[in-house]
Amino acid sequence: MAERKIRVLVAKPGLDGHDRGAKVVARALRDAGMEVIYTGIRQTPEMIVEAALQEDVDVVGLSILSGAHMALCPRITELLRAQGLDDVLVVVGGIIPDDDVPALQKAGVQGVFGPGTSTHDIVQFIRERISEREMLRAA
Amino acid sequence: MPDSDKAHENPGDKTLFDQAAIQRIRSEVAAWEQSDVAQAQTRLSERRDEFITASSRPIKRLYTPADIAGLDHEADLGLPGRYPYTRGVQPTGYRGKLWTMRMFAGFGSAEETNARFKYLLSQGQTGLSIAFDMPTLYGYDSDAPQAIGEFGKCGVAISSLADMEVLLEGIPLDQVTTSMTINSPASIIWAMYIAAAEKRGIARARLGGTLQNDILKEYIAQKEFLFPPEPSVRLVVDTIEFGSREMPRWNTISISGYHIREAGSTAAQELAFTLADGFAYVEAALARGLDIDQFAPRLSFFFNAHNDFFEEIAKYRAARRIWARHMREKYGAKDPRSWMLRTHAQTAGATLTAQQPEINIVRVALQALAAVLGGTQSLHTNSMDEALALPSERAVTIALRTQQVIADESGVANTVDPLAGSYFVEALTDQMEQEANDYFRRIEAKGGVLPAIEDGFFQREIAESAFRYQQEIDRSERTIVGVNDYVSGEPPAIPILSMDPQGYERQVARLRRVRAERDNRAVTTCLARLSDAARDGRTNLMYPILEAVCAYATLGEITDVFREVFGEYEEPVYF
């Protein structure tokens, strides 16, 4: 039976236009067999959550290098929950100080990938978490 | 002529090398490879199958005169300060004047950044460089909804002339040159700088500095575009025209490759795309009816200073030669100053690591050295903590001292273009020129830079290079010290810049005061005049912008006029 591909939304919230990493990750995930939707830059939290809903994604990957992550990420996870998308895995990449990670995790971000992360690690992380989720659902 | 007795293959040969000698060298190298090298390989094979640059360019084991056999000293190299400027644009190089040590700075509110400017000047920097925050870069006032969470994080917030006045307080604008990294709203921020200076009695003609103002690279790489390409280029030509007329000491544009490289391009792409953008601006200004020698001397450039030492040096030298050749041969510029490529350089931000951040000091030193050996006019060196935050005072001091050590202790500034004649460097310089010319042909085949942007040509090239680079790292084909090798596993323990928590409130309070205290009818009139001028397509917008700015119209208000008249651009997405 064909396994459903993991569907990932890669998005850049806020004003930050540095999209090199987001694009490299999007392509790596696609090469790893996932279905990737890349929103492009300048997405509001509302736009991202709407896209996540429309595209029925398993994962929302956010890329933020501007330092605005503490304003944007909790807002996004809040909106996802409001839309009943609690099950969606939220991961963040970019410039995220270590000190902010606990607060992000508390807000529902499950993975934080700072500078120097390999694409293999991101692929692995997503596969493992989605696999766990599928097992929990099946149980 | 003493050499006329030698056995040249072609009597009219203008090449530097005796071609018979070249032939002998070629044979010698071939024999050396078959015997000496082959033997060395049996004892000890080379560490890799291929040795590549940071751009994945394969580098040969050895370069000899045979690799630059056709070098014509007069046509290809020349002397410093002479066409084609391969060896630099000034005869005396750094012996006459060191590169400007110009540290990019800005964070939080105008007060904090003003203090950092004064600190840097007191520590020996010789020029100012202003970093603006995201909302400012996008033409949003600090209290706009789009600015939430973004205030002051990537640079200083400037929403009105009042902020600019605070930012520049106590800075001798008639003695210090200022570079401003601003693109879509460049005309507006420039107007604020000019207005602030004139309010202090300094005539605009005395102001020296640089406006980045390079909108084409925004579509290609940095993505800070606002309006569609056509009206955006119109704004750039307005600023070029204004500058040519009113501000002889000001570089109206900083045609940039830095961001293209940061987005992941190779060195050759950085070189080619930047120069192609430059030519596009030249053509746009010519189409406006400007005389090339009127504006070209004040076009300037901005290149990256990346990891691969020799590739970068070759890149700068090739850039000068290519620009000179095109400006003279293709565009018919007559004034030698129109042929001279002058550039700022910044060490590559994308190479900084969050892991073992002190090691970034080493990277920056090598990158800065390459920029100096490449003949840069102006240099910013990154701070070690910039993969994590904006520079702390301690980190930025080390970065500035790096330049000072290069200038005063290393000896490299004792002579002009010291690496000229290196078989390797000259061969690489030639190669990069050829690669750039190949790209120019491809861009031309697409109808020029604007059609190529619409087609996504640059963006796809960059995305390919960026992906390849990451793959090389992920596969450990490329080592990044501290990241995929020599890993220490310790979290970074360096102090990170913290900003004034009152900064935002102070900024918003000032903004509200400005809006309340100004003559709001005058502002409305100015904005209406600006809108008409923007629509008529014939007025140089710098004049109505200056009027609006002097009336304390805010950045957001002025940009909104343009958003309304020009529309907003949405980019096609490639990955």
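Descriptive notes on the structure:
- Taken over the range B:455-470, the criterion of being acidic (Asp, Glu), more than 10 Å from chain A (Cβ to nearest Cβ) and more than 21 Å from the chain's Cα centre (by Cα) is satisfied by B:Asp455 alone.
- For A:Thr77: the one exception among (1) at pLDDT 95 or above; (2) within 11 Å of chain B (Cβ to nearest Cβ): (2)
- Some residue of the range B:253-276 being among the aliphatic types (A, V, I, L, M), closer than 20 Å to B:Ser55 by Cβ and part of a loop (DSSP other than H, G, I, E, B): yes
- B:Glu283 surrounded by fewer than 24 Cβ atoms within 10 Å (Cβ to Cβ) and within 14 Å of chain A (Cβ to nearest Cβ): no
- Just one of the listed residues (A:Leu65, A:Leu136) is farther than 24 Å from B:Pro495 by Cβ, aliphatic (A, V, I, L, M) and either free of Cβ contacts under 8 Å to residues at least 60 places away in the same chain or surrounded by 14 or more Cβ atoms within 10 Å (Cβ to Cβ) (or both), and it is A:Leu136.
- Out of B:Ser184, B:Ser179, sole residue that is crowded, with 20+ Cβ neighbours inside 10 Å, in contact with a strand residue (DSSP E or B) (Cβ under 8 Å, 6 or more places away or on another chain) and of a type in the set (Gly, Ala, Ser): B:Ser179
- Filtered by the rule that a residue be hydroxyl-bearing (Ser, Thr, Tyr), assigned to a helix (DSSP H, G or I) and modelled with pLDDT under 95, the range B:1-42 gives a lone residue, B:Ser4.
- Apart from one condition, B:Ile473 fits all of (1) of a type outside the set (D, E, K, R); (2) more than 9 Å from chain A (Cβ to nearest Cβ); (3) closer than 23 Å to B:Asn360 by Cα; the exception is (2).
- The range B:109-211 holds helices (runs of 4 or more DSSP H) entirely within its bounds, and those carrying 2 or more residues that are among the basic types (Lys, Arg) and either more than 14 Å from chain A (Cβ to nearest Cβ) or under 30 Å from B:Arg401 (Cα atoms) (or both) map to B:110-122.
- Some residue of the range B:493-503 being buried (at least 18 other Cβ atoms within 10 Å of the Cβ), closer than 30 Å to B:Asn114 by Cβ and either over 30 Å from the mean Cα position of the chain (by Cα) or not basic (Lys, Arg) (or both): yes
- Matching residues in the range B:98-124 - criterion: being polar (S, T, N, Q) and more than 21 Å from B:Ile182 (Cα to Cα): B:Ser122, B:Gln123
- Within the set A:Gly114, A:Gly93, A:Gly108, the sole residue that is on the phi > 0 side of the Ramachandran plot and of a type outside the set (S, T, N, Q) turns out to be A:Gly108.
- Every condition in (1) out of contact with any strand residue (DSSP E or B) (no Cβ under 8 Å at 6 or more places or on another chain); (2) more than 11 Å from chain B (Cβ to nearest Cβ); (3) surrounded by 17 or more Cβ atoms within 10 Å (Cβ to Cβ); (4) closer than 26 Å to B:Arg475 by Cα is met by A:Gly33 except one, and the failing one is (3).
- For B:Ile322: the one exception among (1) among the β-branched types (Val, Ile, Thr); (2) over 20 Å from B:Leu77 (Cα atoms); (3) buried (at least 20 other Cβ atoms within 10 Å of the Cβ): (2)
- Of all the listed residues (B:Ser244, B:Ser254, B:Ser232), the sole one being in the same structural domain as B:Ala276 (by TED's automatic domain parsing) and closer than 19 Å to B:Gly106 by Cα is B:Ser254.
- Applying a threshold of 7 Å to beta carbon distances and a minimum spacing of six or more residues, or different chains, the list of pairs starting in the range B:461-482 at a residue that is surrounded by fewer than 16 Cβ atoms within 10 Å (Cβ to Cβ) and ending at one that is assigned to a helix (DSSP H, G or I) reads B:Val481/B:Ile359.
- Against the criterion of being among the polar types (S, T, N, Q), facing chain B (nearest Cβ under 10 Å) and either touching a Phe, Trp or Tyr at 6+ places or on another chain (Cβ under 9 Å) or farther than 25 Å from B:Glu464 by Cβ (or both), A:Thr117 does not qualify.
- Subset of the range B:82-120 that is in contact with a strand residue (DSSP E or B) (Cβ under 9 Å, 6 or more places away or on another chain) and among the β-branched types (Val, Ile, Thr) - its residue that is nearest to B:Glu386 (Cα to Cα): B:Thr113
- Residue among B:Thr554, B:Thr559 that alone is touching a residue at least 60 places away in the same chain (Cβ under 8 Å) and within 14 Å of chain A (Cβ to nearest Cβ): B:Thr559
The values are calculated or read from the model by the stated rules, or taken from the named source; none is laboratory data. A quick note: this is a predicted structure, and the numbers were derived from the prediction, not measured. As a convention, Cβ positions derive from the backbone with ideal geometry for all residues, glycine included, and neighbour counts pool all protein chains shown.
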